[in-house]
Amino acid sequence: MNATPFPGGVTCSPANVGDADELSRLFNDIAEADDTPERLSPSSMEHELSSYFDPLEERTLVVRNHDDRIVGYATAYSRRAEADEMRAYVNVYIAPGSRHQGLDDPMTEWAIEAGTAALRNVEAERRFVCAWLYKKQEEASARFADRGFTPVRHWWDMERPLADAIPDRPEKGFLVEQWTEEHDEPARLVYNAAFADHWGSTPMDESSWREQVIASPNFKRELSYVATDGAQLLGYSACEEYPEDWEAAGRREAWIAGLGVVRNWRKRGIATALMTRSMRAMRDAGTDTAMIGVDSDSPSGAQHLYQSLGFTTKTTGVTWQLEID
């Protein structure tokens with residue numbers, strides 16, 4: 001790839017946790033301009049910087065204008081894992097007033113190169129650089145398409161009003177209980193087992209699980225549940241809240257951010273029981289709407305379960321992918 005030079009008058013440097021406040025404002029300004037639903041608080045941005053991009057010097061890029069204001073931000077992330085297929089995920093954020101002023105191409109190219117570098121020493125049969133974008137983000141999608149990326153997966157963010165009746169499903173052969181600290185590590189093992197057959201999934205080691213899931217400021221134990229047979233953990237519902245999203249959404253939302261059941265226990269009502277227990281906890285906490293994300297081609301048929309429980313699609317995202325040598 002021939003690198004496009006950055007325009008004069010800007011400076012480029014890695015991000016640091018001290019940038020979290022300004023980066024969260026940039027992210028939220030972009031979301032407002034693009035009419036996308038996510039917002040990030042400074043604490044959420046600080047968590048991302050400290051938990052996902054290691055080392056920051058190689059995986060993040062901050063672009064400042066002549067006034068020393070951040071006008072662009074790019075990242076590359078890949079899990080620490082061993083798998084037949086490994087992916088690095090890249091993001092490019094450009095302030096609405098700084099688009100089409102010479103940043104779009106060099107920032108996109110920097111991100112792709114950083115994603116490629118993140119996979120350079122990875123032992124895997126196939127390696128890919130990916131970008132996840134909302135379907136409506138057509139200009140950003142076109143930049144990746146121009147560089148050989150193709151759309152390979154569609155994702156639905158689904159919503160369900162909690163004012164509607166929530167079914168009470170029996171728990172036969174298993175028990176659902178509140179997620180406590182003793183469940184943290186067993187839930188990681190269930191995650192790795194449950195998603196082994198899902199597209200793009202790679203296992204999480206103990207450190208990544210704790211840093212990115214358990215230590216997240218958005219993780220809510222009081223809304224999260226696990227299913228057991230009395231001896232082993234069979235499934236989990238990991239829930240999160242993003243209060244910074246509520247004003248833009250016009251309502252209080254909570255996410256079933258992770259839902260997994262070990263494969264030999266599927267089709268026994270565990271996922272339904274976990275979801276409905278979390279939904280009731282959300283409702284009791286004053287939440288208006290339950291949210292969940294799903295691969296529209298999930299091999300477990302999760303999308304059909306969610307629809308049967310009253311979830312409907314709110315937004316669609318697309319994974320764009322490029323295989324690298």
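Here, each number is a calculation from the coordinates, and none is a lab measurement. This one's a predicted model, so the numbers in the text were calculated from it and none came from an experiment. Counting neighbours? That spans all protein chains shown, and the Cβs are built from the backbone with ideal geometry, glycine included.
A few remarks follow.
- Using a Förster distance of 35 Å, the FRET efficiency for residue 196-residue 66 (Cβ separation, nearest 0.05): 0.10
- C-alpha long axis of helix 104-118 to longest principal axis of the chain, angle in °: 60 degrees
- By the count of other C-beta atoms within 10 Å, a proxy for reagent exposure, 182, 171, 82, 48 are ordered fewest to most as 182, 82, 171, 48.
- Separation between Cα centres of segment 15-87 and segment 297-314, rounded to whole Å: 30 Å
- C-alpha long axis of helix 184-194 to longest principal axis of the chain, angle in °: 80 degrees
- Charge dipole magnitude, Cβ of K and R +1, D and E -1 - the chain, Cα centre, debye nearest 20: 1020 debye
- Unsatisfied cross-links (Cα-Cα over 21 Å) in the set 135/314; 267/314; 136/314: 267/314
- Acute angle (nearest 10 degrees) that the helix 42-51 long axis makes with the longest principal axis of the chain, alpha-carbon atoms: 90 degrees
- Its relative contact order, with pairs defined as Cα atoms under 8 Å and 6+ residues apart, puts the chain at 22 percent.
- Least to most buried among 43, 300 (fewest other Cβ within 10 Å first): 43, 300
- The chain: calculated mean residue ellipticity at 222 nm from DSSP helix runs of at least 4, using -39500 (n - 2.57): -8000 deg cm²/dmol
- The charge dipole of segment 30-104, taken about its Cα centre with unit charges on the Cβ atoms of Lys, Arg (+1), Asp and Glu (-1) only, comes to about 100 debye.
- Think of segment 31-179 as having a plus end and a minus end, set by charges on the Cβ of Lys, Arg, Asp and Glu; of 50, 124, 156, 124 sits farthest toward the positive end of this dipole.
- Projected label points at residue 185 and residue 222, each 7 Å from Cα along the beta carbon direction, are separated by 2.8 nanometres.
- Neighbour net charge for residue 13 - beta-carbon separation under 12 angstrom, K R +1, D E -1: -2
- Among 290, 33, 193, residue whose mean-square fluctuation peaks in a GNM of the chain (springs only between Cα atoms under 10 Å): 33
- Derived scalar couplings ³J(HN,Hα) [segment 207-222; Karplus, 6.51 cos²θ - 1.76 cosθ + 1.60; whole Hz; x for Gly, Pro]: 5, 5, 4, 5, 5, 8, 10, 5, 7, 4, x, 9, 5, 10, 4, 5
- Segment 176-283, relative contact order in percent, only Cα pairs under 8 angstrom and at least six apart counted: 29 percent
- Alpha carbon centroid spacing (whole Å) that separates segment 224-279 from segment 143-175: 11 Å
- Each residue in 58, 244 was given a count of other beta-carbon atoms within 10 angstrom of its own, and listing them fewest first yields 58, 244.
- Shape category assigned to segment 158-316 from the gyration tensor of Cα positions, a/c cut at 1.5: rounded
- Taking Cα centre as origin and charging only the Cβ of basic (Lys, Arg, +1) and acidic (Asp, Glu, -1) residues, the dipole magnitude of segment 158-316 rounds to 660 debye.
- Relative contact order %, segment 11-148, counting alpha carbon pairs below 8 Å whose residues are six or more apart: 22 percent
- Sum of side-chain charges, residue 139 neighbourhood, beta-carbon under 15 Å (Lys, Arg +1; Asp, Glu -1): -1
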